[in-house]
Amino acid sequence: MGKLRSEINVKEWEQLPWYDLLSKMGLESFNWRGLETWNELMNIHKFPPKSKILIVGCGVGKSAFYLAEKFDLNVTGIDIAEKSIEIAKQTATGKNLEDKVKFQISDAHELPFHKNEFDGVFTEYMAYFLDHPRAFKEFHRVLKPSGYVAFNELMLESDIPKKKLNQILEAGTLFEEIAGFKLNVPFISDYEKWCTEFNFKDIQVHFVKKKLNLRDLFQLVGGFKNFRKITKIMLYLWRKSPIIKKKFKIQRKVKWIVFQKRSTAKYIRPTICIAQKGD
């Protein structure tokens, strides 16, 4: 812990926005079914090599690099978390992928791109934070004619009992205490409605088959060595910062309801929704 004491200024870490804090700790992706879920998307619609893809809410770029390296896509990643974008740019330089993968700080509701610029617009485990009508309008604008929007997200089943839905809504409100915005998991039917409303067609919904295993977990956090480092940092911050400790406790409670508590989690499905831009 002596090395961590010299590396971590607890007061500075306490001031970081939630997702910047997680990025600084070394968490590289929030897709809890693993990066290989993108393989399922590519099986639904095969984007040709060199296709221009926009990832909204890219974090530190883990999925952007995966798509660029595995499928030869040209990827632009945006996020509002400054630290995440900083780390993503550093990684792109280290991988010598600066010409193929680009990152910038941007808001999904006001995309700084031209009309008809991208072949695909993807989101990953972040669309529940969006003002969906505003975002869908922007996604449609920046897509090329016949381009595709794809949501690799958590979505609610329609048959969820009201009591369980209220528990999930309460967890989303609780999440606002640490992130500054609610965790609002839409219904599958909501995505279908928004796609139709904003002139997308050929809507397809596929439940993610991939199950997360230990190898996937280590891949998400950058390997076993990084997993150990993250664990040490979390334990250190837990001990040294009551402020961050409280945030970790809230995160644990929210995660329990959304991902682990069977009576609620069984109604939240990792889902891919993909649709083509209409005329």
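Oblate is the label for segment 73-207, because the ratio a/c of its alpha-carbon gyration tensor axes (a ≥ b ≥ c) is 1.5 or higher and a/b is not greater than b/c.
Shown for M126, M234: other C-beta atoms within 10 Å of each C-beta, ranked fewest to most, produce the order M234, M126.
Stretching F224 away from S158 to a fully extended chain increases their span by 20.0 nm, per 0.36 nm per residue minus the current alpha-carbon distance.
About its Cα centre, segment 1-149 has a charge dipole of approximately 240 debye under the convention of +1 per Lys or Arg Cβ and -1 per Asp or Glu Cβ, with nothing else charged. Straight-line cross-link partners of K225 among the aspartates and glutamates, defined as a Cα under 16 Å from its Cα and at least 8 positions apart when in the same chain: E28, D216. Taking the longest Cα principal axis of the chain as reference, the axis of helix 62-71 is set at about 50 degrees.
Apply the a/c threshold of 1.5 to the C-alpha gyration tensor of segment 238-279 and tell me whether it is rounded, prolate or oblate. It is oblate, given that a/c is not under 1.5 and a/b is not larger than b/c. Listed by chain and number, the aspartates and glutamates placed with their C-alpha closer than 17 angstrom to that of K240 are E7, E12, E14; residues fewer than eight positions away on the same chain are left out. Mean separation of Cα pairs under 8 Å and 6 or more residues apart, divided by the residue count, gives the chain a relative contact order of 24 percent. Between S263 and E192, the C-beta separation translates, for a Förster distance of 30 Å, into a calculated FRET efficiency of about 0.70.
Cross-link check: pairs K62/K201; K162/K255; K193/K247; K164/K246 evaluated at a Cα-Cα cut-off of 27 Å; pairs beyond the cut-off: K62/K201; K193/K247. Note on I44 and K232: with the Förster distance fixed at 35 Å, the Cβ-Cβ geometry gives a FRET efficiency of about 0.35. Relative to the Cα centre, the charge distribution of segment 236-279, modelled as +1 at Lys and Arg Cβ and -1 at Asp and Glu Cβ, gives a dipole magnitude of about 540 debye.
Would you please classify the overall shape of the chain from the alpha carbon gyration tensor, given that a ≥ b ≥ c denote the square roots of the eigenvalues, rounded means a/c under 1.5, and beyond that prolate means a/b larger than b/c while oblate covers the rest? Since a/c reaches 1.5 but b/c is at least a/b, the shape of the chain is classed as oblate. The packing ranking of peptides 196-209, 63-76, highest mean first, is 63-76, 196-209, where packing means the average number of other beta carbon atoms within 10 angstrom of each residue.
A Förster radius of 35 Å, combined with the Cβ-Cβ distance separating K253 from Q90, puts the computed FRET efficiency at roughly 0.60. Each of K144, K11 was scored by other Cβ atoms within 10 Å of its Cβ. Listed from fewest to most, they are K11, K144. Placing unit charges on the Cβ atoms only, positive for Lys and Arg and negative for Asp and Glu, gives the chain a dipole magnitude near 1480 debye about its Cα centre. Taking other C-beta atoms within 10 angstrom as a stand-in for reagent exposure, H114, H109 fall in the order H114, H109, fewest first.
Every read-out reported here was derived from the displayed coordinates using simple, explicitly stated rules and does not represent laboratory data. This structure is a prediction, so every number in the text was calculated from the model and none was measured. When we count neighbours, we look across all protein chains shown, and the Cβ atoms used for this are built from the backbone with ideal geometry, even at glycine.
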